[in-house]
1. Could you give every pair whose Cβ atoms fall below 6 Å, whose first residue belongs to the stretch B:28-42 and is at pLDDT 90 or above, and whose second residue is charged (D, E, K, R), counting only separations of at least 6 or pairs across chains?
2. In the stretch B:67-105, how many residues are in a strand (DSSP E or B) and of a type in the set (Lys, Arg)?
3. Out of all the residues in the stretch A:52-95, which are surrounded by 14 or more Cβ atoms within 10 Å (Cβ to Cβ) and within 17 Å of A:Glu28 (Cβ to Cβ)?
4. Would you be able to tell me the number of residues in the stretch B:43-79 that are exposed (fewer than 14 other Cβ atoms within 10 Å of the Cβ), touching a residue at least 24 places away in the same chain (Cβ under 8 Å) and touching a helix residue (DSSP H, G or I) at 6+ places or on another chain (Cβ under 8 Å)?
5. If you take the residues of the stretch A:32-64 that are under 17 Å from B:Ala1 (Cβ atoms) and in a loop (DSSP other than H, G, I, E, B), which of them is nearest to the other protein chains (Cβ to nearest Cβ)?
6. For the stretch A:65-114, give me each residue that is within 14 Å of another protein chain (Cβ to nearest Cβ) and of a type in the set (Gly, Ala, Ser).
7. From A:Gln110, A:Gln41, A:Gln97, which residue is modelled with pLDDT of 95 or more and out of contact with any helix residue (DSSP H, G or I) (no Cβ under 9 Å at 6 or more places or on another chain)?
Amino acid sequence: DTGVSQNPRHKITKRGQNVTFRCDPISEHNRLYWYRQTLGQGPEFLTYFQNEAQLEKSRLLSDRFSAERPKGSFSTLEIQRTEQGDSAMYLCASSIQGSNEKLFFGSGTQLSVL
Amino acid sequence: AQSVSQHNHHVILSEAASLELGCNYSYGGTVNLFWYVQYPGQHLQLLLKYFSGDPLVKGIKGFEAEFIKSKFSFNLRKPSVQWSDTAEYFCALKVGANNLFFGTGTRLTVIP
C-alpha cells in the first residue's frame, strides 16, 4: 500500500501522559497536513508542512502540541500532558505542491484519554 | 470568518433514488470548494473539486456538484444512488494558503 500511513491506529493513555503519533506521507508528496476530527464533526486543520518547514498552525494547536517533519519525509505529532478533551481522531494528509489541494488522507490515529 | 454548513446530518435513501446533499459556505476570499467522502472503515478521499470555470463539476462514481455563487452553495448530486454509496460526505472550503475548512458532514445510508 503506497498511501498515507499513520501509526499507531489506536492509542489509549491516561490524562497527563505524553503521546506521539507518526505519519508517513506518500513518498513524492512535499506537503503534509495534520487534522483533528471529533465525533459528529468534520476534520479541523491543525498544521501544515511544506518539506521540512512548518508554514501554518491553527489556533487549535495549543502549546502542548508540537509537530515536526525533520527531513521533509515523515512527521510526528506530540501531545504533552494530555487532557480528556484531546480525545479525537488525528488525521494526516499529504499532497503535491500545485495539485490544487487534492489531499490524500491516512486512516488516522484514534486517541482516547482516560 | 469562514463557515461551511451541511444541514442534512443523516439522509436515508432507497437504491436508485436521486441524491442531493446541501452545502452552503461563507467566505470573503477566493472560493475553492471540495466534496470528500469517507466510506465505512476507509480514509477520506476526494470526490470532486471546484476551482474556477464551469460551475458544474463532475467527479468520480457518477457524482456531480454545482457551484451557485448567488446562493453561496455547492450541492452534491447523483441521479441514482447505489448501496455502495453509503458513506459520510464532507463539503470543504479552501481557506488561507493551504488548508481546508470542513463542514460537519452528512451521513448517507442507502437501503438495498
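1. B:Asn32/B:Lys94; B:Phe34/B:Lys49; B:Gln38/B:Glu88
2. Narrowing the stretch B:67-105 to residues in a strand (DSSP E or B): B:67-68, B:73-78, B:87-95, B:99-102.
Then drop every residue that is not of a type in the set (Lys, Arg), which leaves B:77-78, B:94.
Counting residues in the stretch B:67-105 that are in a strand (DSSP E or B) and of a type in the set (Lys, Arg) gives 3.
3. A:Glu52, A:Arg69, A:Gly72, A:Ser73, A:Phe74, A:Ser75, A:Cys92, A:Ala93, A:Ser94, A:Ser95
4. Matching residues across the stretch B:43-79 total 2.
5. Of the residues in the stretch A:32-64, the ones under 17 Å from B:Ala1 (Cβ atoms) are A:41-42, A:44-45, A:56, A:58-60.
Adding the requirement that they be in a loop (DSSP other than H, G, I, E, B) leaves A:41-42, A:58-60.
Details: A:Gln41: 6, A:Gly42: 3, A:Ser58: 8, A:Arg59: 12, A:Leu60: 11 Å.
The residue in question is A:Gly42.
6. A:Ala67, A:Ala88, A:Ala93, A:Ser94, A:Ser95, A:Gly98, A:Ser99, A:Gly106, A:Ser107, A:Gly108
7. Numbers: A:Gln41 fails: modelled with pLDDT of 95 or more; A:Gln97 fails: modelled with pLDDT of 95 or more.
Being modelled with pLDDT of 95 or more and out of contact with any helix residue (DSSP H, G or I) (no Cβ under 9 Å at 6 or more places or on another chain) holds for just one of A:Gln110, A:Gln41, A:Gln97, which is A:Gln110.
Each row is one residue, and each column tells you yes or no for (1) under 14 Å from the mean Cα position of the chain (by Cα); (2) of a type outside the set (Gly, Ala, Ser); (3) within 14 Å of chain A (Cβ to nearest Cβ); (4) over 19 Å from A:Pro43 (Cβ atoms).
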site: B:Gln6; (1), (2), (3), (4): yes, yes, yes, no
site: B:Glu15; (1), (2), (3), (4): no, yes, no, yes
site: B:Gln42; (1), (2), (3), (4): no, yes, yes, no
site: B:Asn75; (1), (2), (3), (4): yes, yes, no, yes
site: B:Cys91; (1), (2), (3), (4): yes, yes, yes, no
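The values are calculated or read from the model by the stated rules, or taken from the named source; none is laboratory data. From a predicted model like this one, the values you see are computed outputs, not experimental measurements. Positions of Cβ are generated from backbone atoms using ideal geometry, with glycine treated the same way; all protein chains shown enter the neighbour counts.
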